[in-house]
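Here the structure comes first, spelled out in structure tokens, and everything after it is commentary.
The values are calculated or read from the model by the stated rules, or taken from the named source; none is laboratory data. Just so it is clear, the model here is predicted, and its values are computed rather than measured. Ideal geometry is used to build each Cβ from the backbone, glycine not excepted, and the neighbour counts take in all protein chains shown. Please note that ligands, DNA and RNA were not included when accessible areas were found on the heavy atoms of the full protein model with its side chains. Shrake-Rupley method; radii C 1.70, N 1.55, O 1.52, S 1.80 Å.
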Amino acid sequence: MLGTPTAPMPAIQTAEETIRRFAEQRTRVDAALLGFCDRYLGALEPVVAEAIRYSLLGEGKRLRPILVLAAYEAAGGTGDASVLAAAVEVVHAYSLVHDDLPCMDDDDVRRGRPTVHRVYGVPAATAAGLAMVPLAARCALDAAAALGLDEPTCGAIVRELMRASGAGGMIGGQQLDLEGEGEALSLERLQRIHRAKTGALIVAAAAIGGLAAGAPEERVHALRRFGEDVGLAFQIADDVLDVTATTDQLGKTAGRDLELKKSTYPALLGIEGAMDRANALIQDGCGALGAVGLLTPALDYIARFTVQRRS
């Protein structure tokens with residue numbers, strides 16, 4: 001869950017108030033994820049359904065769904081968008097299930113417990129990930145309709161989510177990441193990989209919040225730019241944590257980037273240089289929101305948490 005940042009919050013809302021608000025949203029998102037399991041998994045093979053449930057209901061920061069809700073509220077949304085936010089988390093969870101598979105990063109620990117394929121087997125984990133994306137699309141469509149959004153807006157939200165998860169987003173970024181293992185990548189190429197693999201869904205989360213609130217294109221564009229900067233900063237911080245934190249702190253295996261011979265931001269820029277780059281991105285993203293009157297305490301907090309977290 002989101003924790004306390006080291007930088008002060010804007011005076012109009014204290015860090016404690018923001019954390020309390022995020023805790024409430026986290027509770028609503030978790031309830032929506034449980035509802036997703038109850039509503040959409042009944043037609044699947046039992047082992048696949050259990051694998052999906054396991055992947056969704058464990059501990060996690062819930063950064064992406066909370067970003068959906070923060071963007072939605074910043075853009076003037078007044079309904080309960082928790083189910084829509086949960087659909088974004090389903091796509092994120094799918095990416096973790098497949099990222100951990102033996103043919104990918106071959107990891108044993110995720111969110112402080114055994115990975116899905118270690119518990120349910122590779123075939124069930126593979127099938128679970130494949131099922132989660134279309135189920136997330138169905139959930140997003142149903143949730144957008146339940147918010148009273150018109151058909152074009154519902155379609156735009158689903159397209160946003162599917163673009164982020166597809167060949168131009170997470171899947172394409174994962175492929176580029178695998179191809180780059182063992183190579184000395186340039187900073188430009190590394191950023192290209194991570195803007196897709198990590199950043200695409202964070203961009204979608206911010207944009208979906210704005211679309212659901214009926215924000216004009218100028219504001220949705222600013223939210224996308226914020227998402228791009230936060231997404232890349234998130235990955236830079238991840239790379240730094242991989243070499244500075246322990247497995248217990250991370251809830252996943254520390255040092256995997258080095259084991260897999262991946263190029264990283266600390267390797268290219270040094271730890272201090274990498275964090276300087278991440279902080280510059282956060283400043284840029286927050287500036288984009290400030291220019292259109294969308295920089296709320298919640299969005300500012302999320303941005304700063306991205307680089308100041310410890311897991």
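Worth a mention:
- Computed [θ] at 222 nm, deg cm²/dmol, the chain (DSSP H ≥ 4; -39,500 (n - 2.57); rounded to nearest 500): -23500 deg cm²/dmol
- A cut-off of 5 Å between modelled amide H atoms, ignoring neighbours fewer than 5 places along the same chain, links Arg110 with Thr115.
- For a label point 7 Å along the Cα-to-beta-carbon line of Glu17, residues of region 271-300 with backbone N under 12 Å: 297-298
- Surface composition of region 112-177: carbon plus sulfur atoms hold 62% of the accessible area, using a 1.4 angstrom probe and ignoring ligands, DNA and RNA.
- A Förster radius of 45 Å, combined with the Cβ-Cβ distance separating Asp80 from Leu178, puts the computed FRET efficiency at roughly 0.70.
- Accessible area (Å², per residue) of region 112-247, counting only protein heavy atoms and a probe of 1.4 Å: 40
- Charge dipole (Cα centre; +1 on Lys/Arg Cβ, -1 on Asp/Glu Cβ; no other charges) of the chain amounts to roughly 280 debye.
- All C-alpha pair distances within the chain, sorted into 20 Å bins from zero, spread as 35, 61, 5 percent across the bins.
- Extension gain (nm, one decimal) between Leu130 and Asp38, 0.36 nm per residue minus Cα-Cα: 31.3 nm
- Kirkwood Rh and Cα Rg combined as Rg over Rh, evaluated for region 143-265: 1.06
- Region 16-111 - percent of accessible surface contributed by carbon and sulfur, probe 1.4 Å: 52
- Cβ-Cβ FRET estimate between Ala280 and Glu24, R0 fixed at 41 Å, reported to 0.05: 0.80
- Evaluating 6.51 cos²θ - 1.76 cosθ + 1.60 at θ = phi - 60° for every residue in region 188-194, the Karplus couplings come out as 4, 5, 5, 5, 4, 4, 7 Hz, glycine and proline recorded as x.
- A Gaussian network model of the chain, with springs between Cα atoms under 10 Å, assigns the largest mean-square fluctuation among Leu201, Leu289, Leu268 to Leu268.
- The share of C-alpha pairs in region 10-142 whose separation exceeds 28 Å stands at 21 percent.
- Top of Ala143, Ala167, Ala237 by mean-square fluctuation, Gaussian network on the chain, Cα under 10 Å: Ala167
- Karplus-derived 3J(HN,Hα) values for region 109-125, using 6.51 cos²θ - 1.76 cosθ + 1.60 with θ = phi - 60°, are 10, 8, 6, x, 8, x, 5, 4, 5, 6, 8, 10, x, 5, x, 5, 5 Hz; glycine and proline are entered as x.
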